[in-house]
1. Return a whole-number percent for the relative contact order of the chain, with Cα pairs under 8 Å and 6 or more residues apart as the contact set.
2. If amide H atoms are built 1.01 Å from N in the plane of the peptide, which residues on other chains or at least 5 residues away come under 5 Å of the amide H of Gln23?
3. Given H placed on each backbone N at 1.01 Å, which residues far from Thr85 in sequence or on other chains put an amide H within less than 5 Å of it?
4. In percent, how large is the relative contact order of the range 1-100, given Cα pairs closer than 8 Å and 6 or more residues apart?
5. Total Lys pairs in the chain closer than 20 Å by alpha-carbon, pairs eight or more apart in sequence or interchain only?
6. Using θ = phi - 60° and the Karplus relation 6.51 cos²θ - 1.76 cosθ + 1.60, list the HN-Hα couplings for the range 140-155 in order, rounded to whole Hz, with x at every Gly or Pro.
7. Taking the Cα centre of the chain as origin, work out the dipole magnitude from +1 charges on Lys and Arg Cβ and -1 charges on Asp and Glu Cβ, in debye rounded to 20.
8. Quick one: dipole size for the range 139-204, taken about the Cα centre, charges +1 on Lys/Arg Cβ and -1 on Asp/Glu Cβ, in debye to the nearest 20.
Amino acid sequence: PGTYCLTGVGFREVLPGNFLYAQDCTEGFYCESASKSPRGEGLCPKGFYCPEGTAVPIPTVKGQFAELDGTIRPAACLPGTYSPTIESEKCFECPPGTACLEEGTFVADYCKPGTYRSTLAQDGIPCVSCPQGTWSKNYGLREKGECLRCPPGMICSVEGMTRPCGHDDLPKPYEPVVNYQGNPVLEFMFPSFDNLPVFGAFECLRLNEGY
């Protein structure tokens with residue numbers, strides 16, 4: 001298998017160029033046992049490839065394709081396309097909501113939260129961030145309109161936010177705390193008391209449960 005013999009061949013071993021010996025099947029074709037022509041059983045079918053000396057057509061792997069009969073080497077899917085199965089004759093366009101940025105992609109990557117992709121162009125365009133004023137916690141958004149508008153009372157100040165900012169996200173103001181009869185109190189609440197003592201480091205840790 002993988003070789004052919006013309007009339008008068010005396011040896012089954014392969015010796016390229018010496019036709020007293022068997023010869024490798026021509027690239028782009030495949031030869032089963034007892035082939036008598038360099039083209040053997042014919043052209044390699046679509047979805048398979050046949051280098052020189054092929055006995056059985058080799059299926060393309062995921063992420064590659066063989067579009068024509070007689071393919072010698074498979075080609076990798078271009079950015080923006082993918083091939084999820086073996087024996088592929090062509091690659092598929094990466095669907096909206098996903099991105100295929102690398103050659104030879106066989107799994108389309110979902111757009112991460114805070115991003116979307118709506119194009120079907122075969123150009124490897126990455127997922128685009130949701131604009132300011134919007135946000136998203138979901139994967140695979142297919143258009144800008146699927147980004148959620150920031151709700152009242154919150155802000156979405158940058159692109160690609162995965163959750164809006166509320167009051168709890170803002171830095172807390174510092175207020176001096178003093179020791180009033182063993183209890184922590186805000187200093188401004190007792191302006192009539194001068195020089196109230198402050199807590200030491202260990203006392204502060206003791207008063208803050210969980211530290």
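1. Values: 545 pairs, mean separation 22.4, N = 211.
Relative contact order of the chain: 11 percent.
2. Tyr4
3. Answer set, sorted by chain and number: Gly63.
4. Working: 287 pairs, mean separation 21.1, N = 100.
Relative contact order here is 21 percent.
5. Details: Lys46/Lys62; Lys46/Lys90; Lys62/Lys90; Lys112/Lys137; Lys112/Lys144.
Total qualifying Lys-Lys pairs in the chain comes to 5.
6. So the J values, rounded to whole Hz, are x, 5, 9, 7, 4, x, 7, 6, 7, 6, 5, x, x, x, 10, 10.
7. Values: 16 positive and 25 negative charges, 75 e Å.
I would put it at about 360 debye.
8. Working: 5 positive and 9 negative charges, 80 e Å.
Approximately 380 debye in magnitude.
The values are calculated or read from the model by the stated rules, or taken from the named source; none is laboratory data. Note that the structure is a prediction, hence the values are computed from the model and not measured. Because the Cβ atoms are built from the backbone with ideal geometry, glycine has one as well, and the counts that use them run over all protein chains shown. Please note that ligands, DNA and RNA were not included when accessible areas were found on the heavy atoms of the full protein model with its side chains. Shrake-Rupley method; radii C 1.70, N 1.55, O 1.52, S 1.80 Å.
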